[in-house]
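First the structure, in the form of C-alpha cells, and then the observations on it.
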Amino acid sequence: MNKRLHTRLALIIIGTATCILIISTLSVIVATHYHISMFHDQAAGMNHDVSQLDYHLEQALLQSIIWTFTGSIILAVVIGFYIAKRISRPLVDMKQAAERMSDGHLDTRVAINGNDELAELGTSLNELAAQLHKQEQLRVTMTEDIAHELRTPLATLKSHMRAFEDGVWEPTPERIHACYEEIERLTKMVAELEDLTHMDSPAFQLERKQEPLDSMIAQGVDLVAATYLEKKVELSFHCNPNIRIFADRNRMIQILVNLLSNALKFTPENGHVRIETVEEAQDVLIRVQDSGSGIEQKDLPYIFERFYRGDKSRNRKTGGSGLGLTIVKKLVTAHGGQVWAESAHGTTFTIRLPKENRSF
C-alpha cells in the first residue's frame, strides 16, 4: 500500500514524540541510577543520611531534565531541518520549473520521486506542461494556417484587381465571379472562426429540447440537395420517424450540413452519400457514409483539428477551410455525444447522441 504524504508526516511526528519520550525516560533512569549509586558509595560504612539522599535525588532529576531538554532540542532541530529539506526541495524544483515554463521553456519537466501527494503534484505539473506545449504548437500551427488561408485568396484578389486596373484583363463576368468566390471563401472562413470562438466561450449554451430526428435530417438534406444535384451525387437517408433526441435543432442541422458538405467534396460524380440511423437503448447513432476517396489511416486522429488537411497538395476549392469538422466535433461534444470517422471504401462519420437529457 502506498504511503501518502499525510501518513508520512504523521509517522514522523509520532516518531519524534516517541524519541523524546525515550530520551526523557532514559535520561531519568540513567541520572537517577548514577546518583543513587554515588549515594550508596558515599554511605558505605556510615550512618544513612537522608539529607544526602535528597541531594542526590534532586541532582538526578535536574540532570535528567537538562539532558531531556538538550536532547529533545537537538532531535527537533535535526528532524525539522530534515523534513523541511525533504518537503521543500521538490516544491522549490516545481517553483523553478514553473518559472521556466512562464519564460517560454515549455519542454521543462519535474523529476518525480516517490508516490505521495508531492509526486502527484509533480506529475500534474508535467502533464500541464505537456498540454501547454501541445497547445502552443497548435497555436503556432493555427496561426500559420490562418495566415496561409488568408494569404492565398488575398493574393488572388490583389492580382486580379491589379490586372483590371492596369488594363491587362478585361473585367469579364467570369473573372469577376472568380473574385467573388475568393471573397465568399474569406467571408465563410471568418464566420466559422467567429463561430468557433463563440463555442469556446463560457457563455456558449445550447437551446435543447426534444426534437424528431427525421425532421432535422430532412431539413439538413434539403439545404444541400441543390449542390448534390449539381454534382450528380445521390443523397439518401433512412430514419425511424419515432426517434426523438434532446438536442438544439439549429445546431444539429449545422452538424448535418457540415458533414454532408464534407462528404460531397470528396465524393466523385455519380457517387452516393447515405445517412442511416440506429436506435439504441439510451443513444442514437447517426452515420453519414460516402463513396468517396476515403481518408488515410494516419490522418484519422487529426481530422477534427482546426485547419488540418491530410492531403497538403489538394486545392483550396476542394479542401475547404478545414474548420467544418472542428465545428462538428465541438457541437457534438456540447450535446454530450461522440463523433468519429472510419475509412475503408469511402468514409463513414458516426455520431452518438443521447436521447434524453443527461446532467453530469
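The values are calculated or read from the model by the stated rules, or taken from the named source; none is laboratory data. All values derive from a computational prediction rather than experimental measurement. Don't worry about glycine lacking a Cβ; one is built from the backbone with ideal geometry, like all the others, and counts go over all protein chains shown. Keep in mind that these areas ignore ligands, DNA and RNA; they rest on the heavy atoms of the full protein, side chains included. Shrake-Rupley method; radii C 1.70, N 1.55, O 1.52, S 1.80 Å.
Of all residues being loosely packed, with under 11 Cβ neighbours inside 10 Å and without any contact (Cβ under 8 Å) to a residue 40 or more places away in the chain in region 201-221, which is nearest to T333 (Cα to Cα)? Just the residue, please. Before the answer, list the steps.
Going through region 201-221, the residues loosely packed, with under 11 Cβ neighbours inside 10 Å turn out to be 201-203, 205, 207.
With without any contact (Cβ under 8 Å) to a residue 40 or more places away in the chain added as a condition, the list becomes 201-203, 205.
Values: S201: 14, P202: 14, A203: 16, Q205: 12 Å.
Ranking the candidates gives Q205 first.
I need every pair where a residue in region 159-183 that is touching a residue at least 12 places away in the same chain (Cβ under 8 Å) and under 19 Å from E149 (Cβ atoms) has its Cβ under 9 Å from the Cβ of a residue that is of a type in the set (F, W, Y) and not in a helix (DSSP H, G or I), sequence separation at least 6 or different chains.
H160/W169
Which residue pairs have Cβ atoms closer than 6 Å, lie 6 or more positions apart in sequence or on different chains, and pair a first residue in region 225-244 that is open to solvent by less than 70 Å² (accessible area, probe 1.4 Å) with a second residue that is of a type in the set (S, T, Y)?
V233/T267; L235/Y228; C239/T277
Please verify whether region 154-161 includes one or more residues that are open to solvent by 50 Å² or more (accessible area, probe 1.4 Å), over 29 Å from S261 (Cα atoms) and assigned to a helix (DSSP H, G or I).
Yes, that holds for at least one residue.
Any residue at all in region 171-178 that is in a helix (DSSP H, G or I), among the acidic types (D, E), open to solvent by 80 Å² or more (accessible area, probe 1.4 Å) and closer than 25 Å to L323 by Cα?
Checking region 171-178: not a single residue is in a helix (DSSP H, G or I), among the acidic types (D, E), open to solvent by 80 Å² or more (accessible area, probe 1.4 Å) and closer than 25 Å to L323 by Cα.
Starting from region 106-122, keep only residues that are closer than 17 Å to K85 by Cβ and open to solvent by 60 Å² or more (accessible area, probe 1.4 Å), then list their pairs with residues that are in a loop (DSSP other than H, G, I, E, B) and at pLDDT below 80 whose Cβ atoms are within a distance under 8 Å, requiring at least 6 positions of separation or different chains.
Taking only residues 6 or more apart or on different chains, not a single pair turns up.
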